[in-house]
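Okay, structure first, notes after.
Just so it is clear, none of the values below were taken in a lab; they were calculated from the coordinates. It should be emphasised that the depicted structure is a prediction, and the values quoted were computed from it without experimental measurement. Cβ atoms come from the backbone with ideal geometry, glycine included; neighbour counts cover every protein chain shown.
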Amino acid sequence: SREIHLASRPQGKPTLDNFALVEATVPVLGPGQVLIRNRFLSVDPYMRGRMKDAESYVPPYRVGEVMDGAAVGEVIESEAPELTAGELVLHSRGWREYAVLEATKVTALRPQAGLSPSVYLGALGVPGLTAYVGVLDIAGMQPGERVFVSSAAGAVGSLAGQIAKLRGASRVIGSAGSAAKVRYLEGLGFDAAFNYQDAPVGESLALAAPDGIDVYFDNVGGDHLAAAIDRLRRGGRVAVCGAISVYNADSPVPGPSNLSLLIGKRLTLRGFLVGDHWNRMPEFVAEMSGWLREGKIRFDETVVDGIEHAADAFLGVLQGDNTGKMIVRLD
Ligand code: NDP
């Protein structure tokens, strides 16, 4: 079985040298364990944080050891009564072709008609729940409000914008890093979209939101957050989901210089971690499955084939090679 190890810790932007493809032997199954052939691996921005030697809400990866991440696979051998060979499962031992785990640490999945099993790493998985909780619970978006989403052509952002629209937002604006992504957002039903590379974010946002915004779903931080604070109306709310513009920084980056506006405008900035909101999973899955079935939500993937390209796929997410969710498909 081949697996990806952290070869060294990156300085600034990671490179392929930070990863190693290693051949490993699959351990013999013990009682209560299952052997899984991974079919889809998730590569996600938060993994950049785990490459640093710093305690965070998830422990750092260790140099010379296999990395972890979400994966969807098929049970091929089972020493546990609750799982049988052939079942589709979600688990946390990604970045490898074969995984051995306790059956209790694995979630059995129901295949969804017409959808790839990888949907559990995207629209019906963590990115979907993050978008749902962020828009509805953290930002508390109300019908009729104006919403701005950054990294809007990505996994979380594309869903956040569409959920906002389905739940009655009067105007949804998205930013992304290319002209093709701007067209993609228009196709998804965003009312306005701009390429943040074309002009200062504040200028583009002011043009796209002449009457201001009520909610900002922040995936990016930095200039995007400062621009949103400028444009937010009184009582506006920010769901602080991610800050990808600073993930490669080796030292702290200065924050927005306009935070004093929070006072007069009575703004709320609220950070959140999806892991604290698993209780919303049943409602989320019910509503999202309906939206997907009825074609009300469109969700795309950028697929990279082969474990030997998993590191490229991850580096690709950090620099915007993906539209929708970046997925590594194993044959
Ligand atoms: P995406 O699919 O959105 O992929 C990341 C995207 O970030 C890239 O495609 C790229 O798109 C964009 N990007 C990269 N660098 C910059 C930059 N300097 N400025 C602006 N955009 C940039 O990833 P996810 O949907 O998985 O995650 C989105 C965000 O949500 C991340 O910040 C992630 O950390 C966060 N997150 C937070 C969770 C939580 O519990 N709080 C849970 C899950 C995700 P482009 O071409 O547009 O630049």
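A Cβ-based charge dipole, computed about the Cα centre of the chain with Lys and Arg at +1 and Asp and Glu at -1, lands at about 1040 debye.
Counting every Cα pair in segment 41-179, what percent are over 23 Å apart?
On the way: 4729 of 9591 pairs.
In whole percent, the long-distance tail amounts to 49.
What the Cβ-Cβ distance of K105 and A179 gives, at R0 = 41 Å and to the nearest 0.05, is a FRET efficiency of 0.40.
What number comes out for the charge environment of S170, summing +1 per Lys or Arg and -1 per Asp or Glu over other residues with Cβ under 12 Å away?
On the way: positive: R146, K165, R167, R171; negative: E145, D191, D211, D214.
Cβ neighbours under 12 Å give a net charge of 0.
Let me make sure I get this right: for segment 126-275, a, b and c are the square roots of the gyration tensor eigenvalues over alpha carbons, sorted descending. Under 1.5 in a/c it's rounded, otherwise prolate if a/b > b/c, else oblate. Which is it? Because its axes are fairly even, with a/c under 1.5, segment 126-275 counts as rounded. Model label sites at L259 and K296, defined 7 Å from Cα along the beta-carbon direction, differ in position by 3.9 nm.
For segment 4-76, which trypsin sites (Lys or Arg not before Pro) are in a loop by DSSP, counting at most 14 other Cβ atoms within 10 Å?
Details: sites: R37, R39, R48, R50, K52, R62; in loops: K52, R62.
Answer in residue order: K52, R62.
Given their separation in residues at 0.36 nm each and the Cα-Cα distance between them, E65 and E186 gain 39.3 nm when the chain is fully extended.
What is the sum of charges around D53, taking Lys and Arg as +1, Asp and Glu as -1, for the other residues whose C-beta is under 14 Å from the C-beta of D53? Write out the running numbers ahead of the final one.
Values: positive: R9, R48, R50, K52, R62; negative: E55, E65, D250.
Net of charged neighbours comes to +2.
For the pair E23 and L273, the difference between a 0.36 nm per residue extended length and the Cα-Cα distance amounts to 86.6 nm.
Let me have the relative contact order for segment 208-331, percent, based on Cα pairs under 8 Å that are six or more residues apart. Each step should come with its number before you reach the end.
Values: 153 pairs, mean separation 24.0, N = 124.
Relative contact order comes out at 19 percent.
Rounded, prolate or oblate: which one fits the chain, using the alpha carbon gyration tensor with axes a ≥ b ≥ c (rounded when a/c is under 1.5, else prolate when a/b beats b/c, else oblate)? It comes out prolate by the Cα gyration axes. Only helical runs count toward this figure. For the chain, summing -39,500 (n - 2.57) over DSSP H runs of n ≥ 4 and dividing by all residues gives -7000 deg cm²/dmol at 222 nm.
Electrostatic bookkeeping for T84 treats Lys and Arg as +1 and Asp and Glu as -1; over the other residues with beta carbon under 15 Å from its beta carbon, the sum is -3. Please state the shape class of segment 235-311: rounded when a/c is under 1.5, otherwise prolate if a/b exceeds b/c and oblate if not, all from the C-alpha gyration tensor. Oblate is the answer for segment 235-311, as a/c is 1.5 or above yet b/c matches or exceeds a/b.
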